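The values are calculated or read from the model by the stated rules, or taken from the named source; none is laboratory data. The structure displayed is predicted, hence computed values, not measured ones. Positions of Cβ are generated from backbone atoms using ideal geometry, with glycine treated the same way; all protein chains shown enter the neighbour counts. Surface accessibility is based on the protein's heavy atoms, side chains included, excluding ligands, DNA and RNA. Shrake-Rupley method; radii C 1.70, N 1.55, O 1.52, S 1.80 Å.
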Amino acid sequence: SPSLSLELLPTDPLLLILSFLDYRDLVSCCYLNRRLNQLSNHDPLWKRHCKKYWLISEEEKSRRNQGWRAIFISTYSDLGRYIHYYATLKKAWDDLKQYLGQWCPRMISSLKESVREEDLDAVEAQIRCKLPDDYRCSFRIHNGQKLVVPGLMGSMALSNHYRSEDLLDIDTAAGGFQQRLGLKQCLPLTFCIHTGLSQYMALESVEGRNKYEIFYQCPDQMARNPSAIVMFITGTSYLEWFTSYVNKVVTGGYPIIRDQIFRYVHDKDCVATTEDITVSVSTSFLPELSSVHPPHYFFTYRIRIEMSKDALPENTCQLESRYWRITNAKGDVEEVQGPGVVGEFPVISPGKVYEYTSCTTFSTTSGYMEGYYTFHCLYNKDRFFNVTIPRFHMVCPMFKATNTNESAVDEDQDSTGADDCRDPRRVLDIPAPSGCCPCHT
């Protein structure tokens with residue numbers, strides 16, 4: 001019998017085989033022989049790759065009035081260097097914009113359009129440092145946002161302290177590129193116009209940083225060299241940093257308060273129900289008010305008190321007082337008791353919710369709080385009862401000190417000082433607010 005050749009194989013099984021190939025192997029087939037070249041150009045083969053790598057929908061294909069193969073090739077010629085990042089980042093941006101459109105619509109107008117490849121090249125020439133491809137890819141989709149409030153990267157508010165972080169556009173970020181000791185070759189990613197707080201990305205592995213590590217800076221007030229800082233690590237790469245934040249937002253992990261994203265983290269186990277009243281807690285670490293040397297770790301927490309909608313009307317009650325038991329990582333205990341919460345005595349009735357925010361500080365990197373509220377019934381004023389506040393833990397993010405030849409960093413973490421920490425060296429020259437927040441309410 002004649003030997004079997006590629007030319008004699010039927011078309012449909014060959015197309016099925018080719019449909020399993022990655023785009024690189026599909027391109028390679030074009031160079032093997034005429035038959036595979038013809039089959040590899042079969043337009044439906046490129047539909048999967050367009051959807052997988054560029055998130056091209058049927059509607060967009062119709063708008064472009066091009067075949068799948070032509071769309072893949074034209075997109076690859078523009079964004080090919082980002083093929084391993086683009087789909088993940090594009091989906092994150094699309095999910096975020098869809099969520100913002102529903103819950104924070106005024107943020108949509110602050111987003112900037114994409115930048116060109118040559119704009120990113122120009123920034124690299126300006127700062128004389130390479131930008132990571134995942135960062136470049138994100139800015140090919142959206143060029144950050146305008147310096148407005150609220151900021152895309154989350155807000156935080158206490159009685160006399162407010163923070164809202166914008167995602168910087170590429171030009172503003174380049175203008176804040178650092179070459180001074182302590183922040184050598186670091187690019188700001190975010191900025192808060194109220195506090196001057198930024199998150200930085202290290203573009204090189206210098207001064208003890210890992211390349212592309214993202215962090216908040218905190219001055220080391222006990223080091224002999226004023227340029228020494230401590231870094232609170234918030235990400236290991238731009239892709240991980242941005243997509244994990246977006247996932248937290250779009251899955252409801254961060255609450256929306258007054259049309260802003262607030263970066264409170266809620267532990268689902270941190271809920272306690274007493275009779276008809278449920279108390280839940282979410283927490284947040286504030287790097288701009290914290291210090292490692294001396295040790296002063298600032299946390300804020302948000303309490304939600306809710307009475308079941310099925311409760312009887314006669315169960316309506318009023319909060320009289322609070323009791324806290326606060327324990328740090330060394331086992332030291334502090335007890336706090338006082339009237340009301342944040343100066344208020346809320347009334348809780350069926351289906352009603354009361355929420356408030358307060359704060360606390362630790363001289364250790366972690367600690368926990370627990371306690372109870374005392375209520376009295378409005379329809380039976382002789383009846384008082386305690387409502388459990390579940391134990392909730394607060395943990396400082398991972399941190400490390402800079403390591404420069406010129407700096408001498410004091411690593412004694414058992415020091416007992418406690419000062420608010422605000423960095424005077426800003427991306428923009430805007431002072432931070434002064435004052436302290438009431439604690440343990």
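Scan region 192-211 and give yes if some residue there is farther than 20 Å from K146 by Cβ, out of contact with any Phe, Trp or Tyr (no Cβ under 8 Å at 6 or more places or on another chain) and among the basic types (K, R), otherwise no. I'd like the intermediate steps shown before the answer.
First, the residues of region 192-211 that are farther than 20 Å from K146 by Cβ: 200-211.
Next, only the ones that are out of contact with any Phe, Trp or Tyr (no Cβ under 8 Å at 6 or more places or on another chain) stay: 204-208, 210-211.
Now restrict to residues that are among the basic types (K, R): 211.
Yes, region 192-211 has at least one match.
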Which residues, taken from region 190-211, are surrounded by 22 or more Cβ atoms within 10 Å (Cβ to Cβ) and either basic (K, R) or not in a strand (DSSP E or B) (or both)?
T195, L197, S198, L203, E207, R209
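When region 233-245 is examined, which residues are found to be outside any loop (DSSP other than H, G, I, E, B) and surrounded by fewer than 19 Cβ atoms within 10 Å (Cβ to Cβ)?
We begin by selecting, within region 233-245, every residue outside any loop (DSSP other than H, G, I, E, B); these are 233-235, 238-245.
Listed by number, the residues that qualify are I233, E240, S244.
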(1) at pLDDT 85 or above; (2) under 23 Å from G235 (Cβ atoms); (3) touching a helix residue (DSSP H, G or I) at 6+ places or on another chain (Cβ under 9 Å) all hold for R422 apart from (1)
Within region 156-189, work out how many residues are among the charged types (D, E, K, R), buried (at least 23 other Cβ atoms within 10 Å of the Cβ) and over 18 Å from the mean Cα position of the chain (by Cα).
0
Looking only at region 168-185, how many residues end up being touching a residue at least 24 places away in the same chain (Cβ under 8 Å) and part of a strand (DSSP E or B)?
0
From the options Y301, Y254, residue that is among the aromatic types (F, W, Y), crowded, with 18+ Cβ neighbours inside 10 Å and in a strand (DSSP E or B)
Y301
Scan of region 26-68 for residues that are of a type in the set (K, R), open to solvent by 80 Å² or more (accessible area, probe 1.4 Å) and at pLDDT 90 or above, ordered by number:
R48, K51, K52, R63, R64
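Looking for whichever is touching a Lys or Arg at 6+ places or on another chain (Cβ under 9 Å) and charged (D, E, K, R) here; the options are R116, R128, R106. Which one fits?
Details: R128 fails: touching a Lys or Arg at 6+ places or on another chain (Cβ under 9 Å); R106 fails: touching a Lys or Arg at 6+ places or on another chain (Cβ under 9 Å).
Selected residue: R116, the only one of R116, R128, R106 that is touching a Lys or Arg at 6+ places or on another chain (Cβ under 9 Å) and charged (D, E, K, R).
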Filter region 257-268 for residues that are open to solvent by 30 Å² or more (accessible area, probe 1.4 Å) and touching a residue at least 12 places away in the same chain (Cβ under 8 Å) and give the result.
D259, R263, V265, H266, D267
Filtering region 101-155 down to residues that are at pLDDT 95 or above, part of a helix (DSSP H, G or I), open to solvent by less than 40 Å² (accessible area, probe 1.4 Å) and not charged (D, E, K, R) yields L120, V123, I127, Y135, C137, S138, F139, I141
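Can you name every residue in region 7-25 that is open to solvent by 50 Å² or more (accessible area, probe 1.4 Å) and of a type in the set (A, V, I, L, M, F, W, C)? Give the derivation first.
Restricting attention to region 7-25, the residues satisfying the condition of being open to solvent by 50 Å² or more (accessible area, probe 1.4 Å) are 7-13, 16-17, 20, 24-25.
Matches in region 7-25: L8, L9, L16, I17, F20.
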Qualifying residue in region 265-278 (condition: modelled with pLDDT under 95, part of a loop (DSSP other than H, G, I, E, B) and not acidic (D, E))
no
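Tell me which residues, restricted to region 342-369, are out of contact with any strand residue (DSSP E or B) (no Cβ under 9 Å at 6 or more places or on another chain) and hydrophobic (A, V, I, L, M, F, W, C).
Answer for region 342-369, where residues must be out of contact with any strand residue (DSSP E or B) (no Cβ under 9 Å at 6 or more places or on another chain) and hydrophobic (A, V, I, L, M, F, W, C): there is none.
Answer yes if at least one residue in region 277-296 is among the charged types (D, E, K, R), crowded, with 19+ Cβ neighbours inside 10 Å and under 23 Å from A157 (Cβ atoms), and no otherwise.
yes
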Suppose we filter region 398-412 for residues that are open to solvent by less than 40 Å² (accessible area, probe 1.4 Å) and either modelled with pLDDT of 95 or more or not aliphatic (A, V, I, L, M) (or both); how many remain?
3
